[in-house]
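To keep things clear, I will list the structure first and then write my remarks on it.
The values are calculated or read from the model by the stated rules, or taken from the named source; none is laboratory data. The shown structure was predicted, so the numbers you read here are calculated from the model rather than taken from an experiment. Using ideal geometry, Cβ is built from the backbone for each residue, glycine included, and neighbour counts are taken over all protein chains shown.
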Amino acid sequence: MKHSLGRYAVLAAIVVVVVAGWLVMAGRHTPPDGADLMRSKSSAGGAYVVSVEPEAEPVEQGPLHTWLASVKLPDGTPVVNARIGVDGGMPAHGHGLPTAPKASHAGDGVYRIEGVRFNMGGLWELRLSIDGPAGEDEVVFNIEL
Amino acid sequence: MSSISNSSHFRGRIAKAAISSVAALVLGACDPSELGPDETTKAVSLTLASLPPLPSDPTNRVAGEPRAAAFGASLFFDPALSINGEVSCGTCHKIDRQFQDDLPRGHAIGITDRRTMPLAGIAYNSWQFWDGRRDSLWAQAITPLEDIREHGGNRLFYVRLIAERYRERYEGIFGPLPDLTGLPEHAGPLGTLAEKAAWRAIPAGQQEAINTAFANIGKAIAAFERTLLPSETRFDRHVSALAAGEDPAGDAVFSALESEGLKLFIGSAGCIDCHNGPLLTDGQFHNTGVPADLANPGDRGRAGAVRQVISDPFNCLGPYSDGSQADCEELEFMVPAGEALERAFKTPSLRGVADRAPFMHAGQILTLEDAVDHYRNAPDAPSGQSELRPLDLTDRGRAALIAFLKTLGP
């Protein structure tokens, strides 16, 4: 009987290891550190509400492409005269963007961010600095490729 | 007694069956030669089947013209295109050696600063040279012609040569050559002091006409180079079979070690981060802590190239480009400065890599084994910040990666 219990203990241990392994493997595709993939959020200081979307889906690895960023005040008023700076990179790899994208106002508080390239798979940050009527603020979007 | 024995025997069988099925699950999950669906997708992304059509080059109006490509091929292999009549593009870009020369640094009239790059699929690159100091294939092609260590000639010398040797073919493609009557034998903005002085004495309009003809030499060579495409490899055949749900056959069968290497390449070793896409390069610039070349220790790579490509009169925005400003996105959105450019060099394609030692931009690493060890150890960069982190790679993993890299050839 004792012998059988020992066997079951070994069996249980193997099952635990296997399940843990599956969980780790299944978890590979979720962003590390619980990074959110929200495409609409408030800027860090709460001055603006910013939504981003790529001009064309899906976002492809490699080619230059364009994102659209809608910038509003918290009350929903479009911000039409902000200066938008674009930065970003891959925090896990310690490098920035391979290009220097530029933002320009396309109208009605929507800014075109041209010249974006994600040259490898993984979690990217797209960091927008906003200098507008509610002051300077920053918002970071996580993008998983 | 009997029932106890039976019961115990039964429990034992259940336990054995459970253990063996769990063991099968463990082995199945970690079977080194099985690719999961996500891994298959990644592997397929590296195959020639994923190679998009060759992008057009609006800056070169003859890029797709077979007649220009044929003319370019003649120019590429003609040693008359050098000041001593002994050096052609094909001197370093050897046709039977993947268009490279197996040397740490190219040997032409003199010795260059960097490793000769292979040319298969080169027209897919946005940036040319290891540091991207040219933004088109045609602007690249004319640069070595005026380098004193390479072809050693000067602008007027080359246009004269075309007029004497290739007038009919040139004019059939590009129209009339400029009238060179009364001009000196040698003149150019990058040559010797005498050549520079002679160049300055040429009226601006004639200089521009010579520049146009010189650019056209590059455009013809580029049209030829656009035809140099990668060939199918064992890796392509292996993954294409897997993706089709078939068992690889013949030389497409991978050994267990090769399959493990593929899994590492697209997985935990992170090779695919930079060596991605069907050419196994992202075409971008990275500091990977490659040791300085003793012959040229101050080589800063991309950091030293940005100003050159901006000021190159033959760049996308220059007067000799056939494109419009809208075609110059790479130049427009180029990272102009910053520490990330320091000692950053373009990711080379890994197609055919095992047959192409020595490695890195000046052949600093002699063997594939040492190249993998470089990534395993991730040494500090001589300057700037290496993007590499030390790789937790077993000896078996190292051997597997090397075995896999060898499948990237015919």
*Scan region A:55-70 and report the pairs whose first residue is more than 16 Å from residue A:40 (Cβ to Cβ) and whose second residue is of a type in the set (Ser, Thr, Tyr), with Cβ atoms within less than 6 Å and a gap of 6+ or a chain change.*
A:55/A:66
*Unmet requirement for residue B:94, which otherwise passes all of (1) touching a residue at least 24 places away in the same chain (Cβ under 8 Å); (2) surrounded by fewer than 22 Cβ atoms within 10 Å (Cβ to Cβ); (3) among the basic types (Lys, Arg)*: (1)
*Could you identify the single residue in B:145, B:156 that is part of a helix (DSSP H, G or I), assigned by TED's automatic domain parsing to the domain that holds residue B:85 and closer than 30 Å to residue B:300 by Cα?*
B:145
*Working only within region B:225-249, note down all residues that are closer than 20 Å to residue B:352 by Cβ and outside any loop (DSSP other than H, G, I, E, B).*
B:225, B:234, B:235, B:236, B:237, B:238, B:239, B:240
*Does residue B:268 qualify as being closer than 22 Å to residue B:352 by Cα and among the hydroxyl-bearing types (Ser, Thr, Tyr)?*
no
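Is it fair to say residue B:399 is outside any loop (DSSP other than H, G, I, E, B), crowded, with 19+ Cβ neighbours inside 10 Å and not β-branched (Val, Ile, Thr)? Before you say what the answer is, go through the steps one by one.
Working: outside any loop (DSSP other than H, G, I, E, B): yes; crowded, with 19+ Cβ neighbours inside 10 Å: no; not β-branched (Val, Ile, Thr): yes.
Taking the combined requirement at face value, the residue does not satisfy it.
Yes/no per residue for (1) under 30 Å from residue B:170 (Cα atoms); (2) in contact with an Asp or Glu (Cβ under 9 Å, 6 or more places away or on another chain); (3) in the same structural domain as residue B:253 (by TED's automatic domain parsing); (4) modelled with pLDDT of 95 or more:
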residue	(1), (2), (3), (4)
B:23	no, no, no, no
B:77	yes, no, no, yes
B:90	yes, yes, no, yes
B:98	yes, yes, no, yes
B:103	no, no, no, yes
B:108	yes, yes, no, yes
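Per-residue answers, yes or no, for (1) in contact (Cβ under 8 Å) with a residue 40 or more places away in the chain; (2) loosely packed, with under 14 Cβ neighbours inside 10 Å; (3) not in a helix (DSSP H, G or I):
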residue	(1), (2), (3)
B:163	no, no, no
B:171	no, yes, no
B:179	no, yes, yes
B:182	no, yes, yes
B:188	yes, no, yes
B:194	no, yes, no
*Hey, residue B:337 hits all of (1) assigned to a helix (DSSP H, G or I); (2) farther than 21 Å from residue B:279 by Cα but one; which does it fall short on?*
(1)
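Can you tell which of B:401, B:388 is within 14 Å of another protein chain (Cβ to nearest Cβ) and at pLDDT 95 or above? First the steps, then the outcome.
Working: B:401 fails: within 14 Å of another protein chain (Cβ to nearest Cβ).
None of the others qualify; the one that does is B:388.
What is the residue count in region B:269-324 for residues that are within 12 Å of another protein chain (Cβ to nearest Cβ) and touching a residue at least 24 places away in the same chain (Cβ under 8 Å)?
Within region B:269-324, the subset within 12 Å of another protein chain (Cβ to nearest Cβ) is B:270-279, B:281-288, B:302, B:306.
After this cut, where a residue has to be touching a residue at least 24 places away in the same chain (Cβ under 8 Å) as well, the list is B:270-272, B:274-279, B:281-288, B:302, B:306.
Within region B:269-324, residues that are within 12 Å of another protein chain (Cβ to nearest Cβ) and touching a residue at least 24 places away in the same chain (Cβ under 8 Å) number 19.
Can you pull out the strands (runs of 3 or more DSSP E) entirely within region A:52-136 that have at least 2 residues that are away from every other protein chain (no Cβ under 14 Å) and surrounded by 18 or more Cβ atoms within 10 Å (Cβ to Cβ)? I'd like the intermediate steps shown before the answer.
Details: elements: A:65-72, A:83-90, A:102-107, A:110-116, A:123-132.
Once the strands (runs of 3 or more DSSP E) in region A:52-136 are filtered for at least 2 residues that are away from every other protein chain (no Cβ under 14 Å) and surrounded by 18 or more Cβ atoms within 10 Å (Cβ to Cβ), what remains is A:65-72, A:123-132.
For (1) at pLDDT 95 or above; (2) closer than 17 Å to residue B:134 by Cα; (3) surrounded by fewer than 19 Cβ atoms within 10 Å (Cβ to Cβ), each residue gets a yes or a no:
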residue	(1), (2), (3)
B:290	yes, no, no
B:293	yes, no, no
B:297	yes, no, yes
B:302	yes, yes, no
B:308	yes, yes, yes
B:311	yes, yes, yes
B:325	yes, yes, yes
